[in-house]
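See below for the structure under consideration.
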Amino acid sequence: MRTVASWILNLFFPQRCCLCGKVIEWRQTMCDDCRREAPVVLPPICDLCGRGEDKCSCRKHRRNFERCVMPFYYDGLGESGIAQLKNAADSAIADGFAVEMAEVMRREYGGIAFDCLMPVPQFKADERKKGYNPAALLARALSRRTGIPYVNGLRKLFHTTPQKELRAVARSGNLLGAFTVDEPRVAKDKCVLLVDDTITTGSTLDECAKMLKIYGAREVYAVTAACSVYSVYKDDKGEGI
């Protein structure tokens with residue numbers, strides 16, 4: 001029944017490629033051109049930052065989350081796909097990314113039993129202004145795809161300067177104290193999967209994971225739709241973060 005319903009729904013709301021936005025067949029997530037040209041993260045990968053070993057520069061820099069994995073690099077088609085996700089509340093784009101994210105999770109996290117997944121939150125005023133949270137779109141789609149319960153367990157307490165506007169050295173301090181957990185029971189003794197659209201230095205995921213562990217989370221893993229091509233642990237003056 002779900003397959004028939006999905007087919008009928010697609011007649012009115014066509015499936016679109018999650019990277020370029022082209023209308024595609026309803027069982028696909030990417031068009032054939034993007035499937036060939038997509039900047040895919042391929043193994044062997046770093047067991048911390050999730051990038052291919054040829055693009056990893058994290059130097060095993062430990063974080064509060066155990067690992068992060070992702071299907072794409074934020075480059076070329078990967079960047080255009082994330083732009084689609086960020087600029088329109090399009091569930092079809094989120095669903096397409098979720099399929100690719102779930103596949104990476106099966107490969108890298110196959111033996112892990114997650115108790116719940118949580119999106120990285122936006123400050124409420126920022127979310128109201130935009131109308132939606134891209135990370136929440138991804139998290140809900142991923143929950144439907146994997147069966148892992150969706151929990152809106154984190155809250156952002158105040159507006160912060162967008163991370164992409166800051167040098168690497170300033171990113172961790174920018175988010176200090178920005179997140180909280182309202183209900184300790186959602187984290188206590190749980191294995192949590194954090195979901196976001198992109199990762200660069202990992203400062204945002206790190207701050208979220210720190211708060212979850214303060215409130216008793218057993219382990220925190222992460223999955224994103226894309227990552228910067230190289231992990232950035234120095235700013236443009238060569239200073240470490």
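Go through (1) part of a strand (DSSP E or B); (2) open to solvent by less than 40 Å² (accessible area, probe 1.4 Å) one by one and return the number of the condition Ala136 breaks.
(1)
Name the one entry in Asn64, Asn87 that is free of Cβ contacts under 8 Å to residues at least 12 places away in the same chain and among the polar types (S, T, N, Q).
Asn87 is the lone residue from the list that is free of Cβ contacts under 8 Å to residues at least 12 places away in the same chain and among the polar types (S, T, N, Q).
In region 71-98, how many residues are open to solvent by 10 Å² or more (accessible area, probe 1.4 Å), part of a helix (DSSP H, G or I) and more than 24 Å from Gly153 (Cβ to Cβ)?
So the count comes out to 7.
Just for region 99-132: of the residues that are in a loop (DSSP other than H, G, I, E, B) and among the small types (Gly, Ala, Ser), which one is nearest to Pro39 (Cα to Cα)?
Result: Gly110.
Taking region 106-121 on its own, how many of its residues are free of Cβ contacts under 8 Å to residues at least 12 places away in the same chain and crowded, with 18+ Cβ neighbours inside 10 Å?
0
Any idea which of (1) of a type in the set (D, E, K, R); (2) open to solvent by less than 50 Å² (accessible area, probe 1.4 Å); (3) at pLDDT below 95 is the one Arg67 doesn't satisfy?
(3)
If you take the residues of region 11-59 that are of a type in the set (Lys, Arg) and in contact (Cβ under 8 Å) with a residue 60 or more places away in the chain, which of them is surrounded by the fewest Cβ atoms within 10 Å (Cβ to Cβ)?
Arg59
The values are calculated or read from the model by the stated rules, or taken from the named source; none is laboratory data. Given the structure is predicted, the values throughout are model-derived calculations rather than measurements. All Cβ positions, glycine included, derive from the backbone under ideal geometry; neighbour counts span all protein chains shown. Heavy atoms of the whole protein, side chains included, go into the accessibility calculation; ligands, DNA and RNA do not. Shrake-Rupley method; radii C 1.70, N 1.55, O 1.52, S 1.80 Å.
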